[in-house]
Structure formats: structure tokens, C-alpha cells
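In what follows, a structure is listed as C-alpha cells, so that the remarks can point back to it.
The values are calculated or read from the model by the stated rules, or taken from the named source; none is laboratory data. Here the structure is a predicted model, which is why all the values come from computation and not from measurement. Using ideal geometry, Cβ is built from the backbone for each residue, glycine included, and neighbour counts are taken over all protein chains shown.
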Amino acid sequence: MGQNLIDKHQCAGSEEAVQSRLVSIADQWEFLTHKTAEKSMKLKEANKQRTYIAAVKDLDFWLGEVESLLTSEDAGKDLASVQNLMKKHQLVDADILVCIHSISSYFRNDTFPIPLDVA
């Protein structure tokens, strides 16, 4: 719009002031878009860090539950309880393998999707 005023000679002799203002506005716009992109990047990094910290807390909690299951002295009292404990152990073993795979994927892909379900 300002350039139209200059082109049509409607600035009443203040073309230089209008041109100067246009340059100033363009510079400010460039600065604003640069800062917006910078802020966007920082917010994405902060969100990534928050997600990572939450995943680490979940993993720590899950490891505590797995540790308590694995350090249990319960060996079963009869065949049914022994079979039940063996099933639990197999489920925990499978969960550990999934967790190991997820952590390995994190280090390869820089993501941290860990399913933390303890049987």
C-alpha cells in the first residue's frame, strides 16, 4: 500500500519518509518472523524435553514395580499358584523385551514411546 502511494505520487513530497517507513516495517517483519521461528523451535524442544522427562519418570516407576515382582520370595504353594507365578513372570519378561526395544528405538530415532504395563 505504501509503495502504491509512492508510485502514484500521493505522498505530498514525503516519498523518502514513506520509503524509509516501508523499509523499517519490512525489517521489523523479517525480525518478527525470525523470532517466531526461533520461539517455535524452542517450544518444540521444551515439549520434547518434557515428554522425555515424563517417559523417564514412567520408566522409573515401572522398573520399581518390575523389581518388586522379581525380588518376591513367593515360590507358590501349589501347582496352580506356581503356574500363575510362571505366567506372571513370562508377561514381565515380555514387557522387559518390549521396553528394551523401545529404549533402543529412542536412541536410534530420538523418540521415547515406552509402553509401561506391568502384568
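Just wondering, is there one or more residues in segment 96-110 that are in a loop (DSSP other than H, G, I, E, B) and either touching a helix residue (DSSP H, G or I) at 6+ places or on another chain (Cβ under 7 Å) or loosely packed, with under 11 Cβ neighbours inside 10 Å (or both)? Within segment 96-110, one or more residues are in a loop (DSSP other than H, G, I, E, B) and either touching a helix residue (DSSP H, G or I) at 6+ places or on another chain (Cβ under 7 Å) or loosely packed, with under 11 Cβ neighbours inside 10 Å (or both). For segment 44-80, the candidate set comprises residues that are over 30 Å from the mean Cα position of the chain (by Cα) and either at pLDDT 90 or above or not in a loop (DSSP other than H, G, I, E, B) (or both); within that set, the residue that is farthest from Asp93 (Cα to Cα) is Asp78.
When His9, His34 are checked against the criterion of being modelled with pLDDT of 85 or more and loosely packed, with under 11 Cβ neighbours inside 10 Å, a single residue qualifies: His34.
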